[in-house]
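Before I ask anything, here is the structure I am working with.
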Amino acid sequence: MGVSAPYSGPAAAPAEWERWGIDLAVKEINEAGGVLGRPIEIVAEDNRCNPSEAANAANKLVAEKVVAILGAHCSSSTLASMPIIEQAGIPILTGVSSSPKITELSGTGGNKWTFRLNPSDSAMMSTLVNYMGEKKLFSKVAIIAEDTDFGRGGVAAFTPLAEQAGIEILSTDFVAQNTPDYTPVLTRVSRAKPDAIATFLLAADQLSLLRSAMQLGLQIPYTGRAELGGKNMEIIEAGGMDGSVSAWTYSNEIDDPQNKAFGEKIKAEHGVLPVLQTWAGYDTMRMVAQAIKEAGSDDPAKIRDALEKIQFRTVMGPVVSFDDHNQAGEVVIILGVKDKKVSILDMVSAK
């Protein structure tokens, strides 16, 4: 099995969290006898969350003759990998990349080798804005996003839906990854007095922005793809994210026996509860293993065909399958912060 992930660069920490899930799934599968009587072995390549590096990583994995690929984490990296794996005839499954472009280009969009387990930004933002509209949250929002396919895709999905719901978009700022200081953009944004800031940033950049906001003494809730957990817990527990509402793809709080067992195993091994990237690694690995078993073969074309027909029970409970665009992302979780604590506000199907 191939894995393409940003083990260095701006998304190195989330890539490590994803690998925790992959490794746990591989361990469980191999201890149960493997797949087709053989153990799973991982060949991993670092794509640095960079399209050019992702193309190199995909070519290396093709040369290694892997039977399927998990990746490529960052949307830009997955998009760059798609033509290469299509030409090679090897399926790729992502559980993290969220750009709507992946939906447009996959399945009936042309690339039948690309599959996605998690919801796209379009699905997540539609669910989020519907919730905010029903609850009458946030009438004025400012947006801060990274200048990548993830950031621009998230903004493109969020903005028209928010405007249709009567939410005024005060400003939209695109920033480079690894921006060293968010003080200037936050100072400018705060002058407009938004009810919330919608963020579309990778984990390290998002934490940097939140720390800058705390230093400035800003008390503004966050929305969009704001991560209400993980390393942001230091900000949440300090009161810096109260009132925030965000759309997410996983929560360790979901009360399903399999999810609770998964959380306990990750915490025992790594000292922290799983986050969405950990879930993505775990369930994408389990899904491909199930496809190989159902195909009765490790031939990439037969694995692809099996994925197309699969009925897969996620660790959170719901059973999902792929639509005509090879998208299985049905579960969207709305999270909120109140009194320095995160809770699940809603869990809905995006389809």
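Let me check I've understood the local charge: for Leu210, count other residues with C-beta under 15 angstrom from its C-beta, Lys and Arg +1, Asp and Glu -1. What total comes out? All intermediate terms of the calculation are to be shown ahead of the outcome.
On the way: positive: Arg211, Arg225, Lys231, Lys340; negative: Glu146, Asp181, Asp205, Glu227, Glu234, Glu237, Asp242.
Net charge around Leu210: -3.
Which of these, Thr114, Thr284, Thr183, has the largest mean-square fluctuation under a Gaussian network model of the chain (Cα springs below 10 Å)?
Comparing Thr114, Thr284, Thr183 in the GNM, the peak value goes to Thr183.
So, one more: Distance from the Cα centre of the range 297-351 to that of the range 50-114, in angstrom?
Centre-to-centre (Cα) distance: 18 Å.
Report which label in (i) 223; (ii) 117; (iii) 140 holds the value of volume of the Cα convex hull per residue in Å³ derived from the coordinates of this structure.
(ii)
Taking a quarter of the surface of the convex hull around the Cα atoms of the range 284-351, what do you get in nm²? Mind dumping the intermediate values first?
Values: hull surface 22.0 nm².
Computed as one quarter of the Cα hull surface, the answer is 5.5 nm².
Quickly work out the Glu163-to-Ala268 label distance, labels modelled 7 Å from Cα along the C-beta direction, and quote it in nm with one decimal.
The answer from the label model is 5.2 nm.
Based on the alpha carbon coordinates of the range 1-147, what radius of gyration and maximum Cα-Cα distance (Dmax) apply, in Å?
Using the Cα atoms of the range 1-147, the pair Rg, Dmax is 17.1, 57 Å.
Pairs Lys101/Lys193; Lys135/Lys193; Lys267/Lys341; Lys140/Lys338; Lys136/Lys341; Lys101/Lys293: which exceed 23 Å Cα-Cα? It would help to have the intermediate numbers written out before the result.
Working: Lys101/Lys193 32 Å; Lys135/Lys193 20 Å; Lys267/Lys341 19 Å; Lys140/Lys338 20 Å; Lys136/Lys341 21 Å; Lys101/Lys293 30 Å.
Pairs exceeding 23 Å: Lys101/Lys193; Lys101/Lys293.
First measure r as the distance between the Cβ atoms of Gln87 and Glu16, then evaluate 1/(1 + (r/R0)^6) with R0 = 45 Å and state the FRET efficiency to the nearest 0.05. Kindly include the intermediate steps, with their values, before the conclusion.
Working: r = 30 Å, r/R0 = 0.67.
With R0 = 45 Å, the Cβ-Cβ based efficiency is 0.90.
Taking N as the number of residues in the range 152-288, what is its alpha-carbon radius of gyration divided by 2.2 N^0.38 Å?
Working: Rg = 16.6 Å, N = 137, 2.2 N^0.38 = 14.3 Å.
For the range 152-288, the normalised Cα radius of gyration is 1.17.
I need the calculated FRET efficiency for the pair Ala32 and Glu253, taking r as the beta carbon distance and R₀ as 30 Å, to the nearest 0.05. The partial results should precede the final answer.
Details: r = 27 Å, r/R0 = 0.91.
Plugging the Cβ-Cβ distance into 1/(1 + (r/R0)^6) gives 0.65.
Assuming R0 = 56 Å, what is the FRET efficiency of Asn59 and Lys193, from their Cβ-Cβ distance, to the nearest 0.05?
Numbers: r = 50 Å, r/R0 = 0.89.
Taking R0 as 56 Å, the efficiency between Asn59 and Lys193 is 0.65.
Another question about this same structure. Short version: ³J(HN,Hα) in whole Hz for each residue of the range 98-104, in order, from phi by Karplus 6.51 cos²θ - 1.76 cosθ + 1.60 (θ = phi - 60°), x for Gly and Pro, what are they?
Values, residue by residue: 10, 4, x, 4, 5, 4, 4 Hz.
Let me ask something else. Which percentage, to the nearest 5, of the DSSP beta bridges contained in the chain is antiparallel?
35
So between Asp181 and Lys340, what do we pick up on full extension, going 0.36 nm a residue minus the alpha carbon distance?
Working: separation 159, 0.36 × 159 = 57.24 nm, distance 2.51 nm.
Full-extension gain reported as 54.7 nm.
Between Thr199, Ile167, Thr179, whose Cα lies farthest towards the positive end of the dipole of the chain when Lys and Arg beta carbons carry +1 and Asp and Glu beta carbons carry -1, centred on the Cα centre?
Ile167
Note down the nm distance, to one decimal, between modelled labels 7 Å out along Cα→Cβ at Ser297 and at Lys260.
With each label point 7 Å from Cα toward Cβ, the separation is 4.2 nm.
Taking the simple approach of a point 7 Å from Cα along Cα-to-Cβ for both Val319 and Leu170, what is their distance in nm?
Output for this residue pair reads 4.8 nm.
Classify the range 199-351 as rounded, prolate or oblate, taking a ≥ b ≥ c as the square roots of the eigenvalues of its Cα gyration tensor: rounded when a/c is under 1.5, otherwise prolate if a/b is larger than b/c and oblate if not. Let's see the in-between values first.
Details: a/c = 2.38, a/b = 2.12, b/c = 1.12.
Because a/c hits 1.5 or more and a/b exceeds b/c, the range 199-351 counts as prolate.
First check a/c for the range 75-215, with a ≥ b ≥ c the square roots of the eigenvalues of its C-alpha gyration tensor; if it is under 1.5, answer rounded, and if not, answer prolate when a/b is larger than b/c or oblate otherwise.
Numbers: a/c = 2.92, a/b = 1.62, b/c = 1.81.
Here the range 75-215 falls in the oblate category.
For the pairs Lys231/Lys309; Lys260/Lys302; Lys27/Lys260; Lys27/Lys231, note any where the Cα-Cα span goes beyond 28 Å. Write down the numbers at each step before the final one.
Working: Lys231/Lys309 37 Å; Lys260/Lys302 33 Å; Lys27/Lys260 18 Å; Lys27/Lys231 26 Å.
In this structure, Lys231/Lys309; Lys260/Lys302 exceed 28 Å between Cα atoms.
Coordinate-derived values only; no laboratory data. Everything quoted here is computed from the prediction, not taken from an experiment. When we count neighbours, we look across all protein chains shown, and the Cβ atoms used for this are built from the backbone with ideal geometry, even at glycine.
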